[in-house]
Amino acid sequence: MKTNDWKDRLNIVYSTNPDFVYETGRTEERETLPPSRQNLTVQLDKRNRAGKKVTLITGFVGNEDDLKELGKLLKTKCGAGGSAKDGEIVVQGDWREKVGAMLRGLGYKCKVIM
C-alpha cells in the first residue's frame, strides 16, 4: 500500500504515470563502528575562527545521532561549547589532552596532535 503523505511530494505538481514513485531524497544512515574500530584524530585548529582556538576531533564513522551524543559528552566534560556535524566534533578551547584521555577511556583509538 502506498502512503499518501503530502509532505513527501511538496515540489511535485502532477504526474500522469500511475507507477510514479516520489523520491523523498532520504539517505540511509551509516552504521556506527564500535569504539575499538574508530580512528579519531584530536588536534588544535585556529583557521577561519578569528584567532580563537578550538579542539577538533575528526575521523568519526557513524550516524549523526551517535556523533552528536559523543560531542555532547565531550563538551559537558570539558565545560565548553561547540558543535558536532559532518563527522567532526568541535569543542571550544584547547582541550586536546583531556579529550584524548576521555576518548581512550571510552575505548576509542585516537591520535592527539600537539
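The values are calculated or read from the model by the stated rules, or taken from the named source; none is laboratory data. Just so it is clear, the structure is predicted and the values come from calculations on it, not from any experiment. Backbone-built Cβ (ideal geometry, glycine too); neighbour counts: all protein chains shown. Quick note on the areas: whole protein, heavy atoms, side chains included, nothing else; ligands and nucleic acids left out. Shrake-Rupley method; radii C 1.70, N 1.55, O 1.52, S 1.80 Å.
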Taking the stated definitions as given, is residue 111 open to solvent by 30 Å² or more (accessible area, probe 1.4 Å), closer than 16 Å to residue 35 by Cα and touching a residue at least 60 places away in the same chain (Cβ under 8 Å)? yes
Just a yes or no: is a residue in the stretch 30-42 closer than 16 Å to residue 105 by Cα and part of a loop (DSSP other than H, G, I, E, B)? yes
So, in the stretch 25-53, of the ones that are at pLDDT 95 or above and among the β-branched types (Val, Ile, Thr), which residue ends up least open to solvent (accessible area, probe 1.4 Å)? 42
